[in-house]
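The values are calculated or read from the model by the stated rules, or taken from the named source; none is laboratory data. What you see is a predicted model; the values in this text were computed from it and never measured. Virtual Cβ from ideal backbone geometry, glycine too; neighbours counted across all protein chains shown.
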Ligand code: B12
């Protein structure tokens, strides 16, 4: 089975009209397309960086507040300057983009503009017809970022949409003896705040370690043969930075929080000269042990929401036995103190040096996130 089409969608800077793109995203997903959604109010630089790192076939921009002729053209130009002109640009903007504007935009390299009244089917057909065929062989790029992005695509592509790898890709040295990256795995139930927490940690790394480079491998669920909304970039505002290489992956039918290709992708990132490689699972259940098979994760962090139910529930969460660090996020909630002491008691049973940290990731300069940052960066000073 061919790999799903991957496209990136976004709304330009100074534009908060996201209702159209939200509807269009859902329609794309329903038709088996993987959509990496960057969110609204996004700059040309953010859009192009994300498109390159995600190695998408095309960028779909929804634009309502004017300036579209220049904005779309700048996206096309920057893609070309970065050596990524095989990523195509299309989009729409209801009554704002006129037919004359669209002619000018096409002249500047935009592939297609959709006007008010276009049906959703017409748009999905367009994406499938134009970006659904296998890519022609691409010549080697001088950019390490582009090459890395393509290698990740190749790895993902070697796994069928089912459970078993269609063709196992050979990695020359999956676990090299010298590895510079610190690999940190984040897991926990949906809604616990993993994405926000990671973004806050990234912010601290960027501010306090001026040369450090970070890779993020972020997962969202998808079932076999279906599309997926890969929306973590829309939350990870701080992570849209030139020192961060972020890749969004759909689980493509695999249970347990990760994709069938995760291990190989992680192995590649871990040997690609990043100081930190951060991996985030999808929201997981009680039985999940996502990092068991990924022997290259150095530190595992379980992020919990204080509202997990009764104390008895804690006995059933396998990751409480395995995690190196347990974070009670949203610790401003009423139940957080009880949660802390119940989890503390639960961890005592393990008789291991596990750490328990309370955070409020959504809060600026949260001291709990600072403590977690100190812990994960203890052996990294640059
Ligand atoms: C809904 C709306 C709002 C909502 C937005 C809600 C939201 N979260 O998106 C609210 C009320 C918040 C709002 C606010 C504002 N709005 Co307003 N808004 C609209 C409105 C009525 C509809 C836009 C829409 O969502 N249409 C629904 C979509 C599905 O249909 P469509 O637009 O026809 O799009 C089709 C195609 O273009 C295509 N398409 C669109 N995008 C994409 C992307 C891709 C990838 C693809 C493939 C296709 C595609 O899909 C559709 C298929 O039929 C338009 C008027 C209009 N008729 O366009 C004004 C409009 C866009 N808004 C306008 C303005 C001025 C504003 C405000 C600045 C008002 C103010 N002074 O506060 C603010 C700015 C908000 C901000 N932060 O940016 C102006 C913009 C004028 C301009 N460009 O010069 C417009 C044109 C109204 C007007 N005539 O004055 N707005």
Practice problem: State yes or no: is residue 60 assigned to a loop (DSSP other than H, G, I, E, B) and within 9 Å of the ligand (Cβ to nearest atom)? | Solution: no
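Given the criteria more than 10 Å from the ligand (Cβ to nearest atom), modelled with pLDDT under 95, within 18 Å of residue 35 (Cβ to Cβ) and not assigned by TED's automatic domain parsing to the domain that holds residue 225, does residue 111 qualify?
Criteria not met by residue 111.
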Exercise. Please give the number of the condition residue 140 fails out of (1) within 11 Å of the ligand (Cβ to nearest atom); (2) part of a loop (DSSP other than H, G, I, E, B); (3) exposed (fewer than 13 other Cβ atoms within 10 Å of the Cβ).
Key: (1)
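Yes or no, residue by residue, for (1) in contact with a strand residue (DSSP E or B) (Cβ under 8 Å, 6 or more places away or on another chain); (2) at pLDDT 95 or above:
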position: 353; (1), (2): no, no
position: 357; (1), (2): yes, yes
position: 361; (1), (2): no, yes
position: 381; (1), (2): no, no
Self-check item: Within region 1-37, tally of residues that are crowded, with 21+ Cβ neighbours inside 10 Å, touching a helix residue (DSSP H, G or I) at 6+ places or on another chain (Cβ under 9 Å) and within 26 Å of residue 136 (Cβ to Cβ)
Solution: 11
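Among the helices (runs of 4 or more DSSP H) confined wholly to region 286-382, which include 3 or more residues that are touching a residue at least 40 places away in the same chain (Cβ under 8 Å) and on the phi > 0 side of the Ramachandran plot?
Fully inside region 286-382 and qualifying: nothing.
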Practice problem: Would you check which residues across region 295-311 are farther than 22 Å from residue 358 by Cβ and either touching a strand residue (DSSP E or B) at 6+ places or on another chain (Cβ under 7 Å) or at pLDDT 90 or above (or both) and list them? | Solution: 296, 297, 298
Self-check item: Qualifying position, being within 9 Å of the ligand (Cβ to nearest atom) and touching a residue at least 12 places away in the same chain (Cβ under 8 Å), among 68, 99
Solution: 68
Quiz item: Of the residues that make up region 48-63, is at least one at pLDDT 95 or above, surrounded by fewer than 24 Cβ atoms within 10 Å (Cβ to Cβ) and under 15 Å from residue 227 (Cβ atoms)?
Solution: yes
Practice problem: Go through (1) outside any loop (DSSP other than H, G, I, E, B); (2) within 23 Å of residue 137 (Cβ to Cβ) one by one and return the number of the condition residue 86 breaks. | Solution: (1)
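Among 16, 32, which is the only one that is near the ligand (Cβ under 8 Å from one of its atoms) and either over 16 Å from residue 61 (Cβ atoms) or outside any helix (DSSP H, G or I) (or both)?
Values: 32 fails: near the ligand (Cβ under 8 Å from one of its atoms).
Exactly one of 16, 32 is near the ligand (Cβ under 8 Å from one of its atoms) and either over 16 Å from residue 61 (Cβ atoms) or outside any helix (DSSP H, G or I) (or both), namely 16.
Condition test on residue 75, is it within 14 Å of the ligand (Cβ to nearest atom), crowded, with 23+ Cβ neighbours inside 10 Å and within 23 Å of residue 239 (Cα to Cα)? Let's see the steps before the verdict.
Numbers: within 14 Å of the ligand (Cβ to nearest atom): yes; crowded, with 23+ Cβ neighbours inside 10 Å: yes; within 23 Å of residue 239 (Cα to Cα): yes.
Yes; evaluated as a whole, the condition is true for this residue.
Confirm whether residue 27 is more than 19 Å from residue 110 (Cβ to Cβ), touching a residue at least 24 places away in the same chain (Cβ under 8 Å) and part of a helix (DSSP H, G or I). Break it down stepwise before answering.
Working: more than 19 Å from residue 110 (Cβ to Cβ): yes; touching a residue at least 24 places away in the same chain (Cβ under 8 Å): yes; part of a helix (DSSP H, G or I): yes.
Judged against the criteria, residue 27 is a match.
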Quiz prompt | Residues located in region 199-226, provided they are within 25 Å of residue 124 (Cβ to Cβ) and surrounded by fewer than 18 Cβ atoms within 10 Å (Cβ to Cβ) | solution = 223, 224, 225
